[in-house]
Each structure stands twice: as structure tokens, then as C-alpha cells.
Amino acid sequence: MNDNRVRELIIIGGGPAGYTAALYSARANLEPLVIEGFQWGGQLMITSDVENYPGFAEGILGPQLMGEFRRQAEKFGAEFLADDVTKVDFSERPFRVWVGDDEYRAEAVIVATGASARQLELESERALHGRGVTYCAVCDAAFYRDKEVVVVGGGDSAMEEAIFLTKFASKVTVLHRRNEFRASPIMVDRARLNEKVELVLNAVVDEVLGEENGHVTGVRLRDTVTGETTVLDADGLFVAVGHDPNSALFLDWLDHDEQGYLVTEPGSTRTNIPGVFAAGDVQDHTYRQAVTAAGSGTMAALDAQRWLEERRHQRELAATSI
């Protein structure tokens, strides 16, 4: 099926950035089509309590928050397609976006496909996700006040997570599989000097331990040198081994950095292709928060609206000059 209409705007992605862009552009009468993906809602769909999103003093469940985002955008006329984009063509306007064999066209596109936290790929990790296994200290540290937690990772992000966690946890054990950390020396020193932090090298998590239908109780570690296994009691496991932007579909078209994050012009969401904008975690490897993604979605919607208005004005001027 081909949709012969040329829409004003297509938004690719259904997380905080995509839904906020949909809300703003729908209220501007752009009637956006949001191709939100099978797993719509982004990373918040696998997050339990969200306590750091403004306006919810008692906290809110991640799926509930994303449902409210979506419902609000839909109220103002955004159209949703719960499927995955399989191909794009940004070589000319109107831009072309495919979902399987179905083709959609638009004058402008906002890419808001987010990023995914790397996992340890353990069955026990997946089983206890949201019940002690987490991927964001800023999001979840407050749930571990006076508790003992484990951080897995060897880079600056892992050290930052560990240091942040010491504001709440009674003890933070940082595990790294190699014999030295990849983090910058100053970050390692900061962690080492913190009395709540213990650094453990040459160790990997073989299994996350927990009560049946319960919460994390510890991790089973394996020494990468001796092969010896031990059990470390813990109330939470923070996985800090990096994120991957969901940008593979766009790398042949849009400028990106070495990690695959899309590059936008400073102070805007404009990409190297006029009419294509990028918002949220797919272009943000620094903050990665729902509220910053939502703000970025607002920027993209306003940038797209202004760009479309400028093109419309240029066409009108050209028509009157004939």
C-alpha cells in the first residue's frame, strides 16, 4: 500500500521526544503522522516508578506517563502508527518513509528514535529488570537509600553513576571485567577516594540473584582470571556499560558522530539535510532524561513548523512574481 498524500510532517519514534513533538506540531495544525514503533513509549515503558518528571509529586509509572503523553498528542489530531520504519529516502522532497511495503511521504521529518541501554544479556537480568536491575542512577538512585548496590562498568559513566549513588546508598561496589578501568584517571581517583565506593577489577556478573517474583538480593560474580565464583549481596544492580543510539536507518543520510548519535546544528534540532530534524536521545549522549528528551521534542516541532512556514512563504512569493 502506498499513501499518496504528501503530509506536512512525519515523526519517527514514540518516546518522550516523539510524543512531545507530536503534541506541539498537532496543536500547530500540521496533522503529524507518528510512526511510533512496535515498542512505543521508549525506555520508560520498561521503567517502574518515575519520580523525577516535573508535575508528579507522588511519582508515576513509566508506561502510564507515556500513555498520557500519547493521549494528549492524539487529542490534538496526531495520527499514530504502531509499527517500525524499515527504510527512508531523504534524497529529495517530499521525503519518503517506508513501513514494510507501505510508503509515506512528507515535506519534513523529525527523527526521535531514542537510544537503548546496553545490557549484560543475562536471562536473570531481564527477569529482574525494574525490580532491582536498572540502567539509570539519576532516575532510580533515590529508591536505594541506605542500601548496598552494585554498578557494572569501567568507563566515566560508571564512575559518575557510582559517585551519584553514594548520595543515597550505604555502599557502592563497582565491577569491571578488565584489569584496569577505561575511565579517566581523575574519575577513578574520585571514586577511589569516596569511602562508600569499592572498586573490583577482573570480575563479571554471571547471574543476578533475586527472590521469585521479588527483588534483587545479590549477584553471582566470576573472577575473569581464576574462574572462581562468589556471591555478593546487594539490593540493586546498576548496569552502566553504555548506550546505543537507534540511528542505523539514518546513518547513510544524516551526519553522526563515531558512536552513531545524530549531529544537529548548535542550538537547534536541524540536521545536515534541510527539513529533517533530530530530537531526544538519538542525538543526546549527555543527559538522556525523559524531561530533556521532551524539551528536545518541543524544539524539533518548533523548528519544523518554522521551516515549513518559510517554505510556504517562499512558494507564495514565487507564485505572485510570475
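So, for segment 103-219, what is the accessible surface per residue at a probe of 1.4 Å, expressed in square angstrom?
On the way: 5570 Å² over 117 residues.
With all protein chains present, segment 103-219 gives 48 Å² per residue.
Cα gyration tensor of segment 125-224, axes a ≥ b ≥ c as square roots of the eigenvalues: rounded (a/c below 1.5), prolate (a/b > b/c) or oblate?
Values: a/c = 2.01, a/b = 1.30, b/c = 1.55.
Here segment 125-224 falls in the oblate category.
Kirkwood hydrodynamic radius (Cα pairs, Å) of the chain?
Values: mean 1/r = 0.0472 Å⁻¹.
By the Kirkwood definition, the hydrodynamic radius is 21.2 Å.
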Within 10 Å of each candidate Cβ there may be at most 13 other Cβ atoms; applying that plus a DSSP loop requirement, which chymotrypsin sites (Phe, Trp or Tyr not before Pro) in segment 32-82 survive? F38
Any chance you could check the Cα centroid distance between segment 193-258 and segment 77-110 for me, in angstrom? 36
Apply the Karplus curve 6.51 cos²θ - 1.76 cosθ + 1.60, θ = phi - 60°, to the phi angles in segment 139-145 and return the couplings in whole Hz, x for Gly and Pro. 6, 10, 4, 5, 6, 10, 4
Only loop residues by DSSP count here, and only those with at most 12 other Cβ atoms within 10 Å; note down the GluC sites (Glu not before Pro) in segment 36-115 that meet that. E58, E92
5 angstrom amide H check on T217, placed H, neighbours 5+ away: L209, G210, E211
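Highest mean first, what order results for 199-211, 147-159, 115-127 on Cβ atoms within 10 Å? Display every interim value, and only then the final one.
Values: 199-211: 17.5, 147-159: 23.2, 115-127: 15.5.
Answer by packing, highest mean first, reads 147-159, 199-211, 115-127.
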Using 7 Å Cα-to-Cβ label points, what is the S268/Q119 separation (nm, one decimal)? 3.9
Estimated vicinal HN-Hα couplings, Hz - segment 312-317 in sequence order (Karplus 6.51, -1.76, 1.60; Gly, Pro = x): 4, 5, 5, 5, 5, 5
Report, by chain and number, residues whose modeled amide H sits under 5 Å from the one on T173, excluding near sequence neighbours (fewer than 5 apart, same chain). V149, V150, V151, E198
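Give the calculated FRET efficiency between E31 and Y287 to the nearest 0.05, with a Förster radius of 45 Å applied to their Cβ-Cβ distance. Intermediate results must be reported in sequence, preceding the final value.
Numbers: r = 30 Å, r/R0 = 0.67.
After rounding to 0.05, the efficiency reads 0.90.
What's the lysine pair count for the chain at a Cα cut-off below 18 Å, pairs eight or more apart or interchain? Intermediate results must be reported in sequence, preceding the final value.
Numbers: K147/K167; K147/K171; K147/K196; K167/K196; K171/K196.
Lysine pairs satisfying the spacing and distance rule in the chain number 5.
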Distance in nm between A82 and D146 label points, each 7 Å along Cα→Cβ, equals 4.2
Set the Förster distance to 56 Å, then compute FRET efficiency between L201 and V6 from the Cβ-Cβ distance, nearest 0.05. 0.45
Can you list the residues, at least 5 places off or on another chain, whose amide H is less than 5 Å from the amide H of L30, using H built in the peptide plane? none
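The values are calculated or read from the model by the stated rules, or taken from the named source; none is laboratory data. This one's a predicted model, so the numbers in the text were calculated from it and none came from an experiment. Every residue, glycine as well, gets a Cβ built from its backbone with ideal geometry; the counts of neighbours run over all protein chains shown. The accessibility values were calculated without ligands, DNA or RNA, using every heavy atom of the protein model including side chains. Shrake-Rupley method; radii C 1.70, N 1.55, O 1.52, S 1.80 Å.
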